[in-house]
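The values are calculated or read from the model by the stated rules, or taken from the named source; none is laboratory data. Owing to the predicted nature of the structure, the values given are computational and were not obtained by experimental measurement. No Cβ is skipped: glycine too gets one built from the backbone with ideal geometry, and neighbour counts run over all protein chains shown. Quick note on the areas: whole protein, heavy atoms, side chains included, nothing else; ligands and nucleic acids left out. Shrake-Rupley method; radii C 1.70, N 1.55, O 1.52, S 1.80 Å.
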Amino acid sequence: MHAPEPPADCPLCPRLVTYRHANRLGNPEWHNAPVQGFGDPAAWLLILGLAPGRTGANRTGRPFTGDSAGSLLEATLIAAGLATPQENGTLHLHRTFITNAVRCAPPGNKPTPAEVHACRPFLLGTLEALPAARTIVALGQIAHQSAIKACGGKLPKHPFAHGAVHRLYTGYTVLDSFHPSQLNTNTGRLTPEMLTAVFAQALSAQP
Ligand code: SF4
């Protein structure tokens, strides 16, 4: 068994620990710690992002909250019936869970391969804690790679491609999307319609 969440002062990635401490000094009112996943323990769908954005999840303490990537994902989930907005501004997820492949904010939103590897046991723990979650929407290439590995697949057999559906022999299905980052949406690489289509595909595969 693996722990689904790291401790608040997880020491495993020295570069990210240094960054965490620098953010605490500069912005002591922010979360500035590993960001825990959130959602429904009975989830059939796991949404896997890359890592907390420095001024998004790293500030608010909740994945995909407080930045433009979160706004687009939130609107998409609400429209798909996977989430309901709450009066206090939070999101109630319906049989859906959201977390990141890397739980600490990395400089420039770019974790190293070693950091992704170091954090994967927490993804394994999240999967173990969500026994009904056999469908994963992976947002971006790094999330895709971590999801495929965590689900027992081989990357050469399962390359990342937006819209791709990977059915693994272990029973997991991984659906790929470009990450809803500001860069991807501003350049038109990912449109709201493209993201909506990925979740429609996930819903069509709902057990
Ligand atoms: S990214 Fe993951 S493994 Fe690395 S320090 Fe943060 S919580 Fe620990």
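Which one of 31, 2 is under 26 Å from residue 131 (Cα atoms), within 13 Å of the ligand (Cβ to nearest atom) and open to solvent by 70 Å² or more (accessible area, probe 1.4 Å)? Talk me through it step by step, then tell me what you get.
On the way: 31 fails: under 26 Å from residue 131 (Cα atoms).
Among 31, 2, only 2 is under 26 Å from residue 131 (Cα atoms), within 13 Å of the ligand (Cβ to nearest atom) and open to solvent by 70 Å² or more (accessible area, probe 1.4 Å).
Would you say residue 165 is touching a Leu at 6+ places or on another chain (Cβ under 6 Å) and either polar (S, T, N, Q) or open to solvent by 10 Å² or more (accessible area, probe 1.4 Å) (or both)?
Details: touching a Leu at 6+ places or on another chain (Cβ under 6 Å): yes; either polar (S, T, N, Q) or open to solvent by 10 Å² or more (accessible area, probe 1.4 Å) (or both): yes.
In short, yes.
Being of a type in the set (A, V, I, L, M) and touching a His at 6+ places or on another chain (Cβ under 9 Å) narrows it down to one residue among 130, 190, 183; which is it?
Going through 130, 190, 183 in turn, the sole match is 190.
Restricting the search to the range 5-27, which residues are hydrophobic (A, V, I, L, M, F, W, C) and either near the ligand (Cβ under 8 Å from one of its atoms) or touching a Lys or Arg at 6+ places or on another chain (Cβ under 7 Å) (or both)? Give the steps one after another, and end with the answer.
Taking the range 5-27 as the starting set, the residues that turn out to be hydrophobic (A, V, I, L, M, F, W, C) are 8, 10, 12-13, 16-17, 22, 25.
Once the filter is applied, which keeps residues that are hydrophobic (A, V, I, L, M, F, W, C) and either near the ligand (Cβ under 8 Å from one of its atoms) or touching a Lys or Arg at 6+ places or on another chain (Cβ under 7 Å) (or both), the range 5-27 yields 10, 12, 13, 16, 17.
Collect the residues in the range 34-45 that are open to solvent by less than 40 Å² (accessible area, probe 1.4 Å), in a loop (DSSP other than H, G, I, E, B) and within 16 Å of the ligand (Cβ to nearest atom), keeping them in residue-number order.
Matches in the range 34-45: 34, 35, 37.
Do any strands (runs of 3 or more DSSP E) entirely within the range 117-195 hold 1 or more residues that are more than 16 Å from the ligand (Cβ to nearest atom) and over 17 Å from the mean Cα position of the chain (by Cα), and if so, which? Explain how you work it out, then say what you get.
Numbers: elements: 135-139, 165-167, 173-177.
Hits in the range 117-195: 165-167.
Give the residue that is surrounded by the fewest Cβ atoms within 10 Å (Cβ to Cβ), with candidates limited to residues of the range 171-183 that are closer than 16 Å to residue 48 by Cβ and not aliphatic (A, V, I, L, M). Even if it seems obvious, please write down each step before you answer.
Initially, the range 171-183 is screened for residues closer than 16 Å to residue 48 by Cβ, giving 172-181.
Those still in the list that are not aliphatic (A, V, I, L, M) too: 172-173, 176-181.
Details: 172: 20, 173: 18, 176: 24, 177: 27, 178: 21, 179: 24, 180: 26, 181: 21.
My answer is 173.
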